[in-house]
Each structure stands twice: as C-alpha cells, then as structure tokens.
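See structure below.
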Amino acid sequence: MPWLAAAVASDAFGLLFGAAAWRYVLASLGSSLGCRVTAGVFSAALLGKYLPGPAVNVAASVHMGRRAGVPAARMMGTYLLNSLVLLVTAAAVGMFAAPSLPGGRVLLLIPVLLLGAALMWRPGLVVALAKFVGRTLHRPMSTLHVEARCLRVAILLECASWLVWGLHLWFIAQVLGADGTTVPFVCVGGFALAAAAGALALVVPDGAGVRELVLIAVLSTVIPTPQAAAAALASRACCIVTEVVGAALALLMTHLPGARPLEEAAGRPIPNAPESRVSAAERR
C-alpha cells in the first residue's frame, strides 16, 4: 500500500511540474497568468485529452484562455509549442531507457535530442516551427514572439515533470516484484517514451493502447511480460485517477463561492516575465 500511495503522489507532483512548464510556455509567448488561473485553463485542456482527437483539447484550452484574456492565436501557439517541448523532453528523459530498447532503435532518438539542444540554444527556432505548422493548419501565427528565458525554464520544468512522473511506474513495478539498479531508469525513461508515443496517436483518447504497448515492450526487459502488462494497466489507472481528480479539483477552485471569475482573476504573474501583451491582430 505505501508503494501505491507513493505512485499516486509522484503522479500528482509530476502533474504540478507539467502545469508549471505549461505556464512558462504561455509566458514565453507574452501572457503571464497567476497560479489559480493557470490551474483552471490547464485542467480544462487536461480533461479534454480524454476525448477522441486533439480538437477537444485545443478547443477547451482556447475557450478557457480567452476567458482569462489570452488571445485564441496565442493559445494555439502555446498548444503547439508545449507539444513540441513535451516530445523533445520526453526523448531526452527516455534515454534512461536506452539500454532496454531493441538494437538500433535508440538511434531514432538522436534527431529529437539534437532538436532539443537547438531548442535550448535558440528557442526562437521552435516558434518558427510553430508558425509553419500554423500555416499548414490554416491558423496563421505571425504575431507570435518568444521570450527565451521563460521557454528555457519551461523545458527544465518539463524534464523535471517526466523524471518525477515516471517514478510512479517504478513504485508500481516494485509491487510486482521488479528488482535491480536499472529498474528505476527503465521505468522513468520508458514512461516518458510511452507517453510521447501516446501523444502522437491523435486518433485515440490520451494514446490509449499505444502507451501501454510501448510500456510493455520496455518493461519486459526487466520483469516478465505478464507483470509488465499489469504494470502498464496499473500505470494507466493511476494516471487517470490523479489527472481527473486533480483537474476536477482545480476547476472547482475556480468556481467556488467568492472566487473571482477568470476574466477578472489575473492573479500573480510570473516574476520577471515579460509584460502580457496583445497585438491588434490577435484581438481579431
């Protein structure tokens, strides 16, 4: 039981780091929100990912963001930028599981890691990529500008999120008999890779099935396949409970009696972040 409690706790803290990273991504694009407002906007998008397709997730975040005074184009830019940060950092943390990957597969991570290095060195590159994707989707984002310091902080926070979040899988594996010095590294790295693979599977809610298959493949290198399958399913259940309960509580906080509406509750912005700015083009 203590191991399962630890798994839920690591899930919760990983989620908090992820929300903080999202907040800094948004700040890097010019909108600095307080913690309570961030929790409301982030939680709406978090719940939306459990519905098929990325449209619900994006629509929820855009709706809540506009209520908080963030233009729709900037919320779209934040979604694209945050998605790229998620994938790049997941590949970086996933290197912990490299020894468990089939021969040659680890080479597939190298281009992503190089992209991550470029992102840290020249954060503006990711905005150029986001603009390209926006044009491809017929969502022009010509007004987006990035603040490098905030984006670098977001990248570091996202790495911390994967490291802490992945520990829940190690705690679950302990219950199922996993042992050895390499197990925590395989669990943390494997979870990051599996979650990234699930995020790329846009047609299923939260990568259901895809994430589990990757987890089973990685965990099977340290525990028998039946236990690996059980760990993957337990991980999914743990994440669902933590995310749904956490997001529901965060949304409830924004609707408590006496709580200021999002339209009026800017909250305390990020220290030293650039002042929130909205161009005339974004207001349209």
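Data overview
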item: Sequence of Met75, Met253, Met64 once ranked by neighbouring C-beta atoms within 10 Å, starting from the fewest; result: Met253, Met64, Met75
item: From phi via Karplus (6.51, -1.76, 1.60), per-residue ³J(HN,Hα) for the stretch 167-177 in Hz, x at Gly/Pro; result: 4, 4, 5, 5, 4, 5, 4, 4, 4, 8, x
item: Net charge over other residues, Cβ less than 12 angstrom from the Cβ of Arg236 (K, R count +1; D, E count -1); result: -3
item: Least to most buried among Tyr50, Tyr24 (fewest other Cβ within 10 Å first); result: Tyr50, Tyr24
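Every number here is computed from the coordinates shown, using simple stated rules; none is lab data. Bear in mind that the values here come from a model prediction, so they are computed numbers and not experimental data. Quick reminder, even Gly has a Cβ in these numbers, built from the backbone with ideal geometry, and neighbours come from all protein chains shown.
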